[in-house]
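Participant: Attaching a single structure in structure tokens format; questions to follow.
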Amino acid sequence: MRRLFYNGEIITMENGSVCEAMLIDGGKIAGTGNTGDLEYFAEGAEKIDLKGLTVLPAFIDPHSHILAMANTFLQMDLSGIKYENEIKKKIDECEDEFVRGWGLSNEVYLDEKFLDSFDCPVVIQHNSGHSGFFNKKAQEEIGSNAYFMQETEFFDTIKKIPMPDIKELAEAFNKAEEIYMSKGISVAQEGVLLNEMLPIYEKLIESGEITLDIFAYKDIGLNKEINSEHFKTAGYKIFLDGSPQAKTAWVSMPYENTEEYGISTMSREAVNDAVKKAIRENKQIIAHCNGDKAIERFIDAIEENKEICKLRPVIIHGQLMRYDQIKRLKELNIIPSFFLAHIYHYGDIHIKNLGERAEHISPMKSALKAGVHPTMHQDSPIIEPDMFESIWCAVTRRTRDGVILGAEERVSVYEALETVTLNAARQYFEENERGSLAKGKAADFIITDKNPLSIDKDKIRDISVLCLYKNGEVIYQRKNVE
């Protein structure tokens with residue numbers, strides 16, 4: 001199908017080019033430019049009047065956990081809840097044999113006697129995704145004796161919880177994909193592929209349930225992989241520390257008014273072994289590193305095993321990255337994928353935990369100045385996969401309380417757009433296939449109600465995605481939009 005889109009504001013993400021028309025043919029971009037010029041090549045094409053709307057390349061998600069996002073639809077939503085009586089009401093209304101709650105604020109610690117009062121197994125997970133509570137019944141069910149767990153202990157234990165029915169998960173997965181698509185995302189990530197998840201993805205692939213293109217990163221201990229038209233096992237994932245809001249990110253200076261330095265979850269030898277394994281298998285490696293000590297350990301491992309540099313290793317989050325470390329990223333071809341939305345959602349907690357260090361969190365402008373190609377993510381389900389909110393965060397760096405965290409690290413709107421389009425494509429070695437609207441690339445694009453380059457910066461987060469095209473075909477359309 002050939003289509004000519006005209007009378008719009010088409011942001012190609014190619015050297016700042018903005019044009020009025022785009023021709024697509026057979027799922028590929030055939031050209032962009034002036035309407036008159038393209039009409040010459042568009043004989044017989046369907047003509048679509050954009051009526052002044054904006055077109056952008058579809059967004060590419062550099063890091064999230066899409067199956068975990070799906071799983072949240074099968075759990076109690078505890079976001080915004082602070083009191084035990086509210087949680088009790090939720091648990092009493094739940095009909096599941098094994099009750100799971102998701103999204104509790106990291107600042108809330110539940111009394112052990114409270115959860116043990118329930119006759120069913122109950123697990124409550126913090127919204128950081130890095131810690132949670134297990135009542136006595138749950139401990140008995142999964143063979144544990146710990147009430148509160150975090151980081152590696154928590155991740156290892158959560159795997160033992162009985163998985164929901166695959167049919168239920170498939171339905172929840174469709175809901176998760178719908179959210180990603182509604183935010184203009186055509187490429188998503190499975191940020192850590194575990195052995196327990198393989199049967200689910202095999203079923204989704206077999207039944208043709210996957211619409212997006214998904215890049216998956218295996219747990220370093222998983223050797224089996226699966227691949228299909230829309231699902232690619234792209235590399236390995238390792239965890240080196242925790243999160244700054246829970247004070248488990250591994251840092252070189254203690255958290256404010258404490259003697260706490262966070263948690264190191266991998267030894268130097270283990271990180272080096274993981275990098276060497278990735279080299280042997282010619283696989284990309286991505287590493288969860290929040291604290292500067294964790295970042296240092298990963299960078300050191302890359303420097304000691306430079307063969308991995310051609311595979312574009314990725315630092316996931318990198319929130320407390322130091323300026324001296326940014327220079328090393330450029331030298332070693334390491335890509336930082338920053339969690340900028342943290343500034344709005346957790347920034348005020350970071351000020352409390354980190355003091356002046358919070359000013360330099362997620363130093364994206366410094367990375368750009370150093371010639372690095374950063375990307376930007378939401379780590380869903382930790383935060384909804386809302387790219388325009390993240391772009392707004394990167395441009396304003398404003399917390400919930402209105403504090404500007406590190407004004408010198410604010411980036412332009414165009415620079416922020418690059419992190420979730422062309423730069424994100426580059427992270428997946430897909431820069432020649434997608435990420436911008438250039439001739440020969442996939443016709444993956446969105447139509448929005450406003451132009452992020454021309455509206456007030458504070459209104460960027462309110463931009464709506466009206467349509468999402470993948471390979472030239474609509475896969476999402478907002479209701480009541482023609």
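The values are calculated or read from the model by the stated rules, or taken from the named source; none is laboratory data. Keep in mind that what you see is a predicted model, and the values were worked out from it rather than measured. Note that each Cβ is placed from the backbone with ideal geometry, even for glycine, and that neighbours are counted across all protein chains shown. Remember, those area values only see protein heavy atoms, side chains included, never the ligands or the DNA or RNA. Shrake-Rupley method; radii C 1.70, N 1.55, O 1.52, S 1.80 Å.
Participant: Determine if segment 228-237 includes at least one residue that is open to solvent by 50 Å² or more (accessible area, probe 1.4 Å) and farther than 30 Å from ASN353 by Cβ.
Facilitator: Yes, segment 228-237 has at least one match.
Participant: Looking at GLU84, GLU43, which is the one that is at pLDDT below 95 and in contact with an Asp or Glu (Cβ under 8 Å, 6 or more places away or on another chain)?
Facilitator: Every option except GLU84 fails the conditions.
Participant: While we're looking at this one, here's another question. For segment 33-45, indicate whether the set of residues that are surrounded by 15 or more Cβ atoms within 10 Å (Cβ to Cβ), touching a residue at least 60 places away in the same chain (Cβ under 8 Å) and of a type in the set (Gly, Ala, Ser) is non-empty.
Facilitator: For segment 33-45, residues surrounded by 15 or more Cβ atoms within 10 Å (Cβ to Cβ), touching a residue at least 60 places away in the same chain (Cβ under 8 Å) and of a type in the set (Gly, Ala, Ser): absent.
Participant: Same structure again: Could you list, in sequence order, all residues of segment 108-140 that are under 23 Å from the mean Cα position of the chain (by Cα) and either of a type in the set (S, T, N, Q) or open to solvent by 30 Å² or more (accessible area, probe 1.4 Å) (or both)?
Facilitator: Selection gives GLN125, ASN127, SER128, SER131.
Participant: Moving on. Which one of THR258, THR265 is at negative phi, touching a strand residue (DSSP E or B) at 6+ places or on another chain (Cβ under 6 Å) and of a type in the set (Val, Ile, Thr)?
Facilitator: After ruling out the rest, the residue left standing is THR265.
Participant: Mind counting the residues in segment 182-199 that are hydrophobic (A, V, I, L, M, F, W, C) and open to solvent by 10 Å² or more (accessible area, probe 1.4 Å)?
Facilitator: 3
Participant: Search segment 120-132 for residues that are within 13 Å of GLY103 (Cβ to Cβ) and hydroxyl-bearing (Ser, Thr, Tyr) and pair each with any residue that is at pLDDT 90 or above and assigned to a loop (DSSP other than H, G, I, E, B) when their beta-carbon atoms are under 7 Å apart and the residues are at least 6 apart or on different chains.
Facilitator: SER128/SER243; SER128/ILE382
Participant: Give segment 53-82 a look and list any residue that's in a strand (DSSP E or B) and more than 28 Å from THR421 (Cβ to Cβ), or say none.
Facilitator: Listed by number, the residues that qualify are MET76, ASP77.
Participant: Any residue at all in segment 408-425 that is within 22 Å of ILE24 (Cβ to Cβ) and touching a Phe, Trp or Tyr at 6+ places or on another chain (Cβ under 6 Å)?
Facilitator: yes
Participant: Could you count how many residues in segment 38-90 are farther than 28 Å from GLU384 by Cβ and either out of contact with any strand residue (DSSP E or B) (no Cβ under 8 Å at 6 or more places or on another chain) or β-branched (Val, Ile, Thr) (or both)?
Facilitator: Residues that pass the stated criteria total 4.
Participant: Go through segment 213-247 and count every residue that is touching a residue at least 60 places away in the same chain (Cβ under 8 Å) and touching an Asp or Glu at 6+ places or on another chain (Cβ under 6 Å).
Facilitator: Number satisfying all stated conditions: 3.
Participant: Still on this structure: Go through segment 162-181 and give me each residue that's buried (at least 16 other Cβ atoms within 10 Å of the Cβ) and of a type in the set (Val, Ile, Thr).
Facilitator: Across segment 162-181, the qualifying residue is only ILE179.
Participant: Tell me, which helices (runs of 4 or more DSSP H) wholly within segment 336-449 include 2 or more residues that are of a type outside the set (Ser, Thr, Tyr) and either free of Cβ contacts under 8 Å to residues at least 24 places away in the same chain or open to solvent by 40 Å² or more (accessible area, probe 1.4 Å) (or both)?
Facilitator: Ranges flagged: 342-354, 364-369, 413-419, 422-427.
Participant: Can you confirm whether ARG297 is in contact (Cβ under 8 Å) with a residue 60 or more places away in the chain, surrounded by fewer than 24 Cβ atoms within 10 Å (Cβ to Cβ) and either of a type outside the set (Asp, Glu) or touching a Leu at 6+ places or on another chain (Cβ under 6 Å) (or both)?
Facilitator: Taking the combined requirement at face value, the residue does not satisfy it.
Participant: Would you pick out the residues in segment 363-384 that are more than 16 Å from GLN427 (Cβ to Cβ) and within 17 Å of the chain's Cα centre (by Cα)?
Facilitator: Correct list: SER380, PRO381, ILE382, ILE383, GLU384.
Conditions tested, residue by residue: (1) modelled with pLDDT under 90; (2) touching a Pro at 6+ places or on another chain (Cβ under 6 Å).
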site	(1), (2)
GLU151	yes, no
LYS159	yes, no
MET163	yes, no
GLU171	no, no
TYR180	no, yes
VAL187	no, no
